[in-house]
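Single-structure report; data block below.
Values quoted throughout were computed directly from the atomic coordinates according to the rules given, and no laboratory measurement underlies them. Everything quoted here is computed from the prediction, not taken from an experiment. As a convention, Cβ positions derive from the backbone with ideal geometry for all residues, glycine included, and neighbour counts pool all protein chains shown.
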Amino acid sequence: MVNAQQASQGEGGSRPAHRLSAAAVDPKIAASWRDGTLQYVGEPLEHVVSDINRYSVRKIVVAPALLQSRFTGTVSTANVGEWLAALQQIFPVDVVDQHSNGILIQSRDNHGIQK
């Protein structure tokens, strides 16, 4: 693989690969995490939240029906709370403070959103 390429494995890294693909990646976007900015294009919410949890004081959990919902946008690692608030305006989701159990992102209608 050369600079500016990203490899991804289908169905998550801990399961058998269903497909493996390589795609061109803007090196500035790929390295934006160094500046406290996470950028995504069509990424499953499950992966986005996994990344954000590295920076969040409280663990964020995504309801199973939403795990594969696609997210495109930018998240500031210094303002995760603002991202969670904006998420509720962009998607039909509720962000539920479960106090000591962290934060849950669930469907507003509890039936999932279309992918």
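Take the residues in region 40-62 that are more than 8 Å from the chain's Cα centre (by Cα) and outside any strand (DSSP E or B); name whichever of them is surrounded by the fewest Cβ atoms within 10 Å (Cβ to Cβ). Only one residue fits best here, namely Val57. Can you name the residue in region 63-97 that is farther than 14 Å from Glu43 by Cβ and in contact (Cβ under 8 Å) with a residue 24 or more places away in the chain and, of all such residues, is surrounded by the fewest Cβ atoms within 10 Å (Cβ to Cβ)? This residue is Ala78.
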